[in-house]
Amino acid sequence: MTEIISEDQLLTEFAVREHRSLWLDAWRRLIANRTAILGLVIVAIFLLTAIGAHFFWEYDPAVDLDYNAKLLAPTFVRNEEGDQVHIFGTDKLGRDIFRRVVHGGWNSLRVGIIAVSISLLIGGILGLLAGFFESTHLNGVEQAVLTSLLGLGCGALPAWIANQPFQALLFMLLGLGSALFSTFMAHRQNLRKVLFGVIGMAIGGLLGLLVAPLVGLVCAVVGLGIGIILAKPISGKAFSSFTMRVMDIILSFPSYLLAIAIVAFLGPGLEKGMIAIGFVGIPVYARLARSAVLSVSQKEYVLASQSIGESHGRILFRHIVPNILSPIIVQATMGLADAILSAAALGFLGLGAVPPIPEWGAMLGDSYKYLSSGAWWAVLFPGLAIMFSVLGFNLLGDGLRDALDPKMRL
Amino acid sequence: MGKYILKRLITVIPTLIGVTLIIFLFQRLIPGDPAVAMLGEHASEENVARIREQFGLDKPPFLNRDALVEGDLAGFFDSQYVRYFDRLLHFDLGDSIHRRIPVVDTIKERFPATIELALLAMLIALIVGIPIGILSAARRNSLIDGVTRIGSLIGVSIPIFWLGIMEIMFFSVMLKWLPSGGRLSPGMTIEPVTNLLLLDALLTGNGPGFWDALKHIIMPAIALATIPTAIITRMTRSSMLDVLQEDYIRTASAKGLGERVVLFRHALKNAFLPVITIIGIQIGSLLAGGVLTETIFSWPGIGKWVYDSILGRDYPIVQGVTLLIAVVFLLVNLLVDISYAILDPRISYE
């Protein structure tokens, strides 16, 4: 009935800068960068053709065979006999290389993407926790959980030796007790160690004696050690350094070689390649995430949320994770390039895709034995596909680094 | 200083044990009975039993709890891993399944070829990568810089096995200039001194031998050198760019020193530290990358040998070589850390 003129409406006329999120800003910087655009286009082409081919271009590698069309050079026009056009030529089984390269993309890229997802997920979470607890004290619940788990894990050894699973549970309770009564005799650590050591020795020794005298002796010694370890509840720093030590062990293998060795023992196959490459990549992301967390964990906004008593989970996921995403995104993009290369290397060595499944590396490995016949096309095109897809991800990663972190721009 | 080195040495020990543990666990990855997997499906019962006995596969993997129940404390520790570790301490990596010779003997025979290839590749990477990186940083945003940046990105993107194949295609199959594989032409001999053929030929003054060995090694060395060259170039460039922004560089230029003096005497010295780390890491990748390069060029080093062993399912060889490379990798990293501390007085030894 009456016109209501909202005063708020008038207020919005204020000249404010159009709201842009960090990500939109980054996107603008990204598309202003010519090499990044190139990378983006290359990646898009590979992803779209691979997905398109998988779903809309039927291909059954098992029946693709034509000895009459063996090792034909690339042709662009139909010849007089009306033969098929093979723009990339054919391989030693008469298969159209163009078709196999396009379909191979599905397998090669999939291995890369899944492998990176595995390493990112496991490594990222480990690194996140390691970085966070490096500088933050564990709260009571976390300490209780971790110390009980430590008790359970260590207790598994005497429990296994004596074949008495409940021993592990007792050691878990010992760990829990240590965390719950962490202030008990806190100023007399040595006495506390003796006390817990004796309890551990009693658990292991007495239960072990029920099996055999020697079992009792060994379990008592092991129990003593576990008790001493459990006497001091786990500190965040101990958790962090243990995690990173394990990561260092994996990192002490050249990644290529470790992946090759794992698959050599697992046996060939695309899935096993994914697992091997993913496993090898875990420490890379763990280290990256840890150092990224360390770099923000003393920032004011984290300290502020700690001081108002926000929960650890909330601090981690609301305040820390969003602020360390950029280096991780950059590394994941570059990591994709590496994973595709490793997958191709495995395929080339005959440890990836099982023939006749098309996969770029395996195609190269298949064809290079026929090099002396002069069939250059059979090795050129799968190799170019690997190189360009890897280059695309590398260019994109470089561009993302510039776009997401303008300070780091060199 | 000595204390720092000692401390660093001690931290290597748990890592080394972890490495042996991972390599030992490889065996557990083999689906089914490892003894059958080693011998093939059609192996006779006695052969399987003999292999089980020989490798201790009839023992439990880590600890023998049954022995303990029977009151045998020594038997408690008689397990596959303990035996494996004990053999390692005696430099015994086991025997090849097919050829029945100790893995260590073949490593001694084949490792020099791998080292020679890796050293030459590293030499190429340093000679090419460092000057280009310096030039690119000094002429930032010029055409040279652009080409370097794109070139180094392409360098890390090329699959080295493909590059090797294309080299063979072009220089051996089409042009017939260079041999496609091997270390020396048949009939050519070089007196062994260090077992690095190029060096031996030089030491013994064997001109034709040197030329022949060079013709064989040059293609695999270039293929192997691509990735380290690209990485060293990038690292040198970005490290130089960092240093060139420092005040003392501006001071040096301001007081009228020539560009060359500023670049090489003032900047390079300080920009070199991160490059050293990268070089250390790359040595490990060079040894590992040898598996691909050596396979393509039939280079008689440990990489090709591992490849053949994987195909032949000769697991002790794969385990042994993986361990060797991991240990070399660890030691190189240790050396890098120590040299870092020596070169950069700002790093405290604590």
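The values are calculated or read from the model by the stated rules, or taken from the named source; none is laboratory data. Owing to the predicted nature of the structure, the values given are computational and were not obtained by experimental measurement. Don't worry about glycine lacking a Cβ; one is built from the backbone with ideal geometry, like all the others, and counts go over all protein chains shown.
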Restricting the search to the range B:53-71, which residues are within 14 Å of chain A (Cβ to nearest Cβ) and surrounded by 14 or more Cβ atoms within 10 Å (Cβ to Cβ)? B:Pro60, B:Pro61, B:Phe62, B:Leu63, B:Asn64, B:Arg65, B:Ala67, B:Leu68, B:Val69
Which ones in the range A:342-369 are facing another protein chain (nearest Cβ under 9 Å) and in contact with a Pro (Cβ under 6 Å, 6 or more places away or on another chain)? A:Ala344, A:Leu351, A:Trp360, A:Leu364
Residues in the range A:114-122: is at least one within 23 Å of A:Leu351 (Cβ to Cβ), in a helix (DSSP H, G or I) and among the hydroxyl-bearing types (Ser, Thr, Tyr)? yes
Could you check how many residues of the range B:136-160 are under 18 Å from B:Ile231 (Cβ atoms) and part of a helix (DSSP H, G or I)? 15
Members of the range A:219-255 found to be surrounded by 24 or more Cβ atoms within 10 Å (Cβ to Cβ), part of a helix (DSSP H, G or I) and out of contact with any Pro (no Cβ under 7 Å at 6 or more places or on another chain), listed by number: A:Ile226, A:Gly227, A:Leu230
Scope the range B:196-245; condition of a type in the set (Asp, Glu), at pLDDT 80 or above and either over 15 Å from B:Val275 (Cβ atoms) or buried (at least 24 other Cβ atoms within 10 Å of the Cβ) (or both); matching residues: B:Asp212
Got at least one residue in the range B:315-329 being within 25 Å of B:Ile30 (Cβ to Cβ), buried (at least 24 other Cβ atoms within 10 Å of the Cβ), touching a Phe, Trp or Tyr at 6+ places or on another chain (Cβ under 9 Å) and away from chain A (no Cβ under 11 Å)? no
Taking B:Gln282, is it within 14 Å of another protein chain (Cβ to nearest Cβ) and touching a residue at least 40 places away in the same chain (Cβ under 8 Å)? yes
Scanning the range A:370-393 for residues that are crowded, with 24+ Cβ neighbours inside 10 Å and within 7 Å of chain B (Cβ to nearest Cβ), which turns out farthest from the chain's Cα centre (by Cα)? A:Val379
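One line per residue, one yes/no per condition, for (1) at pLDDT 90 or above; (2) away from chain A (no Cβ under 11 Å):
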{"site": "B:Ala121", "(1), (2)": "yes, yes"}
{"site": "B:Ile127", "(1), (2)": "yes, yes"}
{"site": "B:Arg139", "(1), (2)": "no, yes"}
{"site": "B:Ile150", "(1), (2)": "no, no"}
{"site": "B:Ile160", "(1), (2)": "no, no"}
{"site": "B:Gly164", "(1), (2)": "no, no"}
{"site": "B:Ser180", "(1), (2)": "no, no"}
{"site": "B:Leu184", "(1), (2)": "no, yes"}
{"site": "B:Gly187", "(1), (2)": "no, yes"}
Could you check, for the range B:207-218, whether at least one of its residues is within 14 Å of another protein chain (Cβ to nearest Cβ), in a helix (DSSP H, G or I) and among the acidic types (Asp, Glu)? no
How many residues are in contact (Cβ under 8 Å) with a residue 24 or more places away in the chain and outside any loop (DSSP other than H, G, I, E, B) if we restrict to the range B:18-50? 12
What is the one condition in (1) closer than 30 Å to A:Pro283 by Cα; (2) in contact with a helix residue (DSSP H, G or I) (Cβ under 6 Å, 6 or more places away or on another chain) that A:Gly94 does not satisfy? (1)
Can you list residue pairs whose Cβ atoms sit under 9 Å apart, with the first residue in the range B:246-269 being surrounded by 14 or more Cβ atoms within 10 Å (Cβ to Cβ) and the second being outside any helix (DSSP H, G or I)? Count only pairs 6 or more apart in sequence or on different chains. B:His266/B:Glu246; B:His266/B:Leu257; B:Ala267/B:Glu246
Name the residue that is farthest from the other protein chains (Cβ to nearest Cβ), counting only residues in the range B:72-81 that are touching a residue at least 12 places away in the same chain (Cβ under 8 Å) and out of contact with any Pro (no Cβ under 8 Å at 6 or more places or on another chain). B:Asp78
Expected single match for assigned to a loop (DSSP other than H, G, I, E, B) and at pLDDT 70 or above among A:Glu13, A:Glu58 is A:Glu58
